[in-house]
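See structure below.
Bear in mind that the values in this text are calculations on the coordinates, not laboratory data. All values reported here derive from a predicted model rather than from experimental measurement. All Cβ positions, even for glycine, are placed from backbone atoms using ideal geometry, and neighbour counts span all protein chains on display.
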Amino acid sequence: DRGSKANNYLKRLLSDSDIYKCFLKAKVDSLKGVTNVRFEKEEIRKSLEFLSYLGVDQAYSVLLYLYRTSAKTFKKDVNRLVAFQFLYKNVPGSPSTPEKIFADLTEDKITKGAMFQKLKGLCSGYENDFILNLNKKLRYKEGRSGEVQFLLEKYLISKGSGTGFSEPTIEHI
């Protein structure tokens, strides 16, 4: 019956909006289905914070889809999506191009693997542009050290420290 369908739809919208807000505010502890391993939650939280820092709002809808369809691989998916956004922000390209790919995924026109393959293709061949653009941003005197902090923390985590600093600065790292 229509009333039941409408009620279920509203419940799903409310649930999705709660999850979406968790992503925006990097409130990983509020998410169900995310691993209970503290280190993994912290890594997801930091990745979501960095995504916010990058200012790429179009990524949140695909995150919601990935969370809903494959919570078990969510940490890996978040990290891959953040890595793409970081790369794409530093190469020439229109924001509408990945948005189309994201829409194809959420409309089940392509698989998650195909989406990441297409996103990778958007950055291919732009290594020199990436290096030049990132070097410009990483100049300490410009005052935007978020990218440096994120990269150094990811490096520390990859070397087994497991944690970064609660309020890192480049000097601390």
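A simple packing score, the average count of other Cβ atoms within 10 Å per residue, orders the peptides 76-85, 103-112 as 76-85, 103-112, with the highest score first. Extending 7 Å from Cα along the Cβ direction at residue 114 and again at residue 8 yields two label points whose distance is 2.7 nm. With 29 Å as the limit, the listed pairs 5/120; 46/137; 25/89 have 5/120 beyond it between alpha carbons. Each Lys or Arg adds one and each Asp or Glu subtracts one; over the other residues with Cβ under 15 Å from the Cβ of residue 91, this totals +2.
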